[in-house]
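Readers should treat all values here as calculations from the given coordinates under stated rules, not as data from a laboratory. Quick caveat, the model's predicted, so the values are computed rather than measured. Counting neighbours? That spans all protein chains shown, and the Cβs are built from the backbone with ideal geometry, glycine included.
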Amino acid sequence: MAEIIILGLIFGIISTMILHLAKAMERHGIEIFSRKKTFKEKGKKPLIYIIGFALNNTIVVWQIIGTTFASAAVFSSVFGLGLILLMFYSHYILHEDIITQELIGAILIIFGTTFVGILYIIDPPETGAIVYPNFFIILIITAIVFSILISFSWKTKLGIAFIFGAVAGALGGIDNVFKRMGLSSSNFIEAFAGIFRGELLSIIFLISFFLGFLALILTQVGFAKGADASKLVPMYNSLYIITPIVFELITIKNATVSIGLILSVALIVVGIFLMNIFKKSEENLELEKE
């Protein structure tokens, strides 16, 4: 069992590293529009953006592989590590300053993630049967709460960054849970084939792709409505990590969560906020450059 948990952690790390590298490259590529760039530099940037965009679209592959070997909680627990790669890319490639809070946040994420990995290897999460009444109840409650929050934020324009970030992150976490459920008793091909036979787990597996897409749309809508990335991103990342743990705790028979795991996840969440909340907005950075 330990080897399977390790594989889930490894593929989770690969996924978050590729995702955040892709985001960094897309951001780097968009810099082509800066007036201060030379023509030679501009010629290289579209390729950087294209590579980043291509990498971004491979994440679903690592997601499927990772949740084949371990639970969604295991796979998503290492998500914060990608922020550290993003930080170093921003510093060494984009020449942005690293502030003390970011370094402290990176250290907390490393410690928290290490502890989570150790705890999962020592005491693997429960892989018992799904308690379907709990599963459907939490789905209904989640759908109602999310709909109310998004509608409230949309109409009042209050808490856009926090609400859209939290809901999108939770949907991303549930996406991992659904993929894990669909692959728990079959491989990728069988999971898709089961859709045509009306098998519930296969239908859940199919729905996971919609949830992942919806999470992406909500983040983009949040940004379009003026959400500050330094608020939306940490909410997204935190809920992405926390939701699978809570979801599996409620829906998996005999599932438990230790104090050590709670403290480790808390370290990761605090680290995520420290790495984002003190970042200056793009508008302020542009003003400083001028």
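Observations on the structure shown:
- Using the Cβ of ALA161 as centre and a radius below 12 Å, the other residues enclosed give a net charge of +2, where K and R count +1 and D and E count -1.
- Translational D in µm²/s for the range 150-290 (Stokes-Einstein at 37 °C, 0.692 mPa s, Kirkwood Rh from C-alpha pairs): 195
- 4 °C / 1.567 mPa s Stokes-Einstein diffusion coefficient of the range 48-183, Kirkwood radius on C-alpha pairs, µm²/s: 73
- Helix runs (DSSP H) in the chain reaching 24 Å along axis by Cα, Kyte-Doolittle at least -0.5: 2-30, 39-56, 100-122, 132-156, 160-183, 200-224, 229-251, 259-276
- Ellipticity estimate at 222 nm from DSSP helix runs (n ≥ 4, -39,500 (n - 2.57)) divided over the chain, nearest 500: -27000 deg cm²/dmol
- D_trans [Stokes-Einstein, Kirkwood Rh over alpha-carbon pairs] for the range 230-275, 10 °C, 1.306 mPa s, µm² s⁻¹: 140
- The chain: most fluctuating residue of ILE241, ILE189, ILE118 per GNM, C-alpha cutoff 10 Å: ILE189
- Prolate/oblate/rounded call for the range 131-200, Cα gyration tensor, a/c under 1.5 rounded: prolate
- Debye-sum result for the range 60-112 in log10 I(q)/I(0), which assumes one identical scatterer on each alpha carbon, at q = 0.32 Å⁻¹: -1.16
- The alpha carbon convex hull volume per residue for the range 111-228 rounds to 139 Å³.
- Shape category assigned to the chain from the gyration tensor of Cα positions, a/c cut at 1.5: prolate
- Restraint check, LYS157/LYS231; LYS155/LYS225; LYS23/LYS155; LYS23/LYS225, Cα-Cα greater than 23 Å: LYS23/LYS155
- Around the Cα centre of the chain, unit charges on the Cβ atoms of Lys, Arg, Asp and Glu (plus for the first two, minus for the last two) sum to a dipole of about 720 debye.
- When exposed loop sites are taken as trypsin sites (Lys or Arg not before Pro) in a DSSP loop with at most 11 other Cβ atoms within 10 Å, the longest stretch of the chain clear of them is 37-156.
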